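First up is the structure itself, then whatever we jot down about it.
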């Protein structure tokens, strides 16, 4: 303020309509209130002209009028912003609001005062226990005329953050002295920049109350209830999923009703579900039979049976049936049961063969029980479903060797069905089991020693001779780190007691083969695909996932392997949120593991690339995680060993993937077929695929335009009702967090009951 020029100061105060106010040296006026001709430039900098007078007070309300008088407000900062030739300002203030409910009252009063309408965009998981609420609101521009004139949504935003301590103390800006204020825990930032006329908004603000829940979460609970979940089971499972997704902010997320509803809300939702869907076990079996009939008609071969209350489903897709033609399918075959899915209360057993593309599926068994009787019946049913020349033409005789986890019921059932096959333990599974034991805090192993202990044990598991196995075992027993943990020594001795069935050196002697079985086990990396570890909540969802997604996934994987683009494929198959690794650093440890450190939280996680596992919650369960992705990207994992060099092998793999025989010389730049698109993978497009993608994009655009045009026609005939519905749809769309949720919403658009 021009305090040294009384006449000029009077003009300023008159323009501001504050004639009786006496400014001090610390008071300032935003440059937005001056027109452009009242500024001068000097040496590239802009200065206010000596006799400039503010005049732009009628365009937008002064910041003070944005805050309702019922609550005191302490302005912290005001600055100019500009977008698309429109000017506005950002105001940050402190308000004595202590919870979400009080803020909702304040927001209603603010909207009436500022003549704007806001809608909740998202609730942020609070990153600290000191925060009670954090959210972002956006402006819904109001009149129809405004919406037709502009193509972009209104950029106005409102950010709110409330401290958990109602007596929160914050420092006053230096210009206002060194004092501090107590009792203003709510911080509000207003981005007051609208691309429409102020006051035109007619939409009432929609504050998401505590009983409102995300549509994605609602659909998830519906799938759980279809799988027989009770209310308590569904809520517990959902909270477990939230812990995996928001490990660092878990406690804050639990208090957000939008993503984690209360048990009272879920109980009422469950009652509505029973009334609407009339769901029961008989209906599940009936729909399952219909799904299997559909699979047998077009997607391969599937069979189901029931024993008491237990359900058995076996699946052999076209790709699985063709994979039995490989010679390796009759030699060493894996039976992976790491896909136990407690979410849908099913047990999944995948029969896998090794190849240069790592593992390829030969068959699938899904059961609701893991006892020996059910598994024996299941594998017998699978044997009847497989091709006559299954397992490399060995058929019902089975492969030479089955490798499994340490599960007596599984091993005995395989021996019952395939008595001529050897059943041994898979070193890969044993290694994974040991990794999980080491990272279980109940076992009391110091974090700094876990990687060292695993490295020592893993070397023993991979020894190629009995002499080396004995030598390294003795060295482990005398190691200083090992001596600290009697429970580790005891646990590893229990593992060693089974060494004649899992140790590589003993298995090579049993099989009497030239090839190293360790190479087969680790090259196959059954769990490396992670395609079997899915969040399904009922057996219907599970069967559809394996029938469609898994078939497409392996078809894509084989073709990418032939084209020497396997690295691109595998990295792209990580979910988008897992590819955000800007806050992670990777460091190779002397033990061979990688330490992945989060620079923001300071937490460290450890990745072992030999068996592709991590110490985080997801990684311990064998699923992919962002830490595994960070190692793959920063350390450039070599996938070139998976590329076949022989044209005969390429043609065989191409036939397995597509069912089409390739003639002539094999071209490494072979096109990936259009049908190989999958939700699992979003690989970078190649030049060969540009034209099909372009054509498909144009067709999709035309379809979308027709749908929108049809909706607008209906809107013109009934604008009052359609306006409310469109606003609701827009809000729901804004609440979708990623492409996967948007795709799911589009696919289920208009479906009231998918099974009626």
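The values are calculated or read from the model by the stated rules, or taken from the named source; none is laboratory data. Since this is a predicted model, take the numbers as computed values, not measurements. So basically every Cβ, Gly included, is an ideal-geometry build from the backbone, and we count neighbours across all protein chains shown.
Points to keep in mind about this one:
- Only one of the listed residues (299, 389) is surrounded by fewer than 24 Cβ atoms within 10 Å (Cβ to Cβ), within 30 Å of residue 561 (Cα to Cα) and at pLDDT 85 or above. That residue is 389.
- Selection within region 414-424: residues that are over 36 Å from the mean Cα position of the chain (by Cα) and touching a residue at least 12 places away in the same chain (Cβ under 8 Å). The member of this set that is surrounded by the fewest Cβ atoms within 10 Å (Cβ to Cβ) is 420.
- Exactly one residue out of 29, 9 is modelled with pLDDT of 80 or more, surrounded by 11 or more Cβ atoms within 10 Å (Cβ to Cβ) and assigned to a helix (DSSP H, G or I): that is 9.
- Contact map, region 102-122: first residue in contact (Cβ under 8 Å) with a residue 60 or more places away in the chain, second residue part of a helix (DSSP H, G or I), Cβ cut-off under 7 Å, separation 6 or more or different chains; pairs are 114/66; 117/111; 118/107; 118/111; 119/731; 121/734.
- Residue count, region 99-131 (criterion: surrounded by fewer than 20 Cβ atoms within 10 Å (Cβ to Cβ), modelled with pLDDT of 80 or more and over 26 Å from residue 79 (Cβ atoms)): 6
- The set of residues in region 397-412 being in a helix (DSSP H, G or I) and within 36 Å of the chain's Cα centre (by Cα) consists of 408, 409, 410, 411.
- The residues of region 599-625 that are farther than 22 Å from residue 427 by Cβ and either modelled with pLDDT of 85 or more or in a loop (DSSP other than H, G, I, E, B) (or both), listed by number, are 599, 600, 601, 602, 603, 604, 605, 616, 625.
- In a residue-by-residue description of region 315-338, the property of being surrounded by fewer than 19 Cβ atoms within 10 Å (Cβ to Cβ), under 21 Å from residue 373 (Cβ atoms) and touching a helix residue (DSSP H, G or I) at 6+ places or on another chain (Cβ under 8 Å) applies to no position.
- Residue in region 338-354 that is assigned to a helix (DSSP H, G or I) and either within 32 Å of the chain's Cα centre (by Cα) or at pLDDT 90 or above (or both) present: no
- Note on region 47-66: among residues that are surrounded by 14 or more Cβ atoms within 10 Å (Cβ to Cβ) and out of contact with any helix residue (DSSP H, G or I) (no Cβ under 7 Å at 6 or more places or on another chain), the one that is modelled with the lowest pLDDT is 60.
- In region 461-479, the residue that is farthest from the chain's Cα centre (by Cα) out of those that are assigned to a helix (DSSP H, G or I), closer than 20 Å to residue 610 by Cα and in contact (Cβ under 8 Å) with a residue 24 or more places away in the chain is 468.
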